[in-house]
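What follows is one structure encoded as structure tokens, with my remarks underneath.
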Amino acid sequence: MMFTLITGASMGIGEAFSREFARRGHNLVLVARSGDRLQVLAEELRQVSGVEVKVCVEDLSHAESPGRVYEFCRRHSAGVDFLVNCAGLSRAGDFDDIPLGKLEEIIMVNMTAMARITRLFLPDMVARREGSIINVASLGALQGVPGLGLYSATKAFVLTLSEALYEELKGKGVKVVAVCPGFINTGFFERAGHNAANLRLPISETGVVVKAAMKGLRNNKVRVFPTLIDTALVFSQRLASRKIVIRLAGFIAAVREN
């Protein structure tokens, strides 16, 4: 039986993807470290959509977790034909203020776990000549963001790896898209210590990210931007120097006081 695997599924964009795929009739493997939230969501999706939902509680900041996720799917005979890499962490503030433990945690979740999970499940998709991968990047992936330097760097990794995979997998039956949202209402800001009241752009809802990602897959796009504002900001980068682009990104994110 085939399943859609979603990391970071217990809240925010990951939860929105879970609801959308359940609505479309996909069986699900939900991955997050919040077991209680996952169980509640899984039971709701089973009752409302009638799909099979498996809960895999894993903390992707642990190096062994991607392998355990893969073995969980093998143990439960859950083939994965749709992979949504949504788990992510951030920490607002200057780079030299980030505790080393938090730095390692962000790198592990945003980059290493995402790459390992993709590497583990991709060969099976290629062997079947069928599969889709959605990677949640960020507008921050397009330039360094002062005050969010590590986060923007990890999302650049997600975006550039997605672009390379898009080209490598042509003709192999597997699609890849990177969705690059701006500011989304997920509770992410509070957890990152980022005061959302200071943001200088509107905050969108999670549904726009899901809609953009699904449309991007249908149209075989390599990267998509959920809102017109996101698209306009990307286009504006062609008109300014790199220094100005970086300063503007810092101004919009408004993490730093000066």
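Every read-out reported here was derived from the displayed coordinates using simple, explicitly stated rules and does not represent laboratory data. The structure displayed is predicted, hence computed values, not measured ones. Note that each Cβ is placed from the backbone with ideal geometry, even for glycine, and that neighbours are counted across all protein chains shown.
In table form, for the structure just shown:
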quantity: Folded to 0 to 90 degrees: helix 12-23 orientation relative to the chain principal axis, Cα; calculated: 30 degrees
quantity: Candidates ARG19, ARG116, ARG37: whichever shows maximal mean-square fluctuation once the chain is modelled as a Gaussian network with Cα springs under 10 Å; calculated: ARG37
quantity: Amide hydrogen neighbours beyond the local backbone of GLY131, cut-off 5 Å, H modeled; calculated: LYS175
quantity: Region 1-146 shape via C-alpha gyration tensor axes, a/c threshold 1.5; calculated: prolate
quantity: Listed residues ALA141, ALA87, ALA232, most fluctuating in the chain (Gaussian network, C-alpha, under 10 Å); calculated: ALA232
quantity: GNM top mover of GLN39, GLN47, GLN143 - the chain, alpha-carbon springs below 10 Å; calculated: GLN47
quantity: Euclidean distance of C-alpha centroids, region 125-149 and region 1-73, integer Å; calculated: 19 Å
quantity: Residues whose placed amide H lies under 5 Å from that of ARG223, excluding near-sequence neighbours; calculated: ALA178
quantity: Amide H partners (placed H, <5 Å) of VAL29, local residues excluded; calculated: THR4, LEU5, ILE6, LYS54
quantity: Assigned charges on the beta-carbon of Lys, Arg, Asp, Glu; region 2-253 dipole about Cα centre (debye); calculated: 840 debye
quantity: Paramagnetic reach from VAL234 in region 116-152 [backbone N under 14 Å; point 7 Å along Cα→Cβ]; calculated: 135-143
quantity: In degrees, nearest ten, helix 114-128 long axis to first principal axis of the chain (Cα); calculated: 40 degrees
quantity: Listed pairs LYS102/LYS175; LYS175/LYS215; LYS170/LYS215; LYS155/LYS175; LYS172/LYS215; LYS102/LYS215 exceeding 24 Å between Cα atoms; calculated: LYS102/LYS175; LYS102/LYS215
quantity: Normalised contact order of the chain, rounded percent, pairs of Cα under 8 Å and 6 or more residues apart; calculated: 18 percent
quantity: Phi to ³J(HN,Hα) by Karplus 6.51 cos²θ - 1.76 cosθ + 1.60 over region 41-56, Hz, x for Gly, Pro; calculated: 5, 4, 5, 4, 5, 4, 6, 7, 10, x, 9, 7, 10, 10, 10, 10
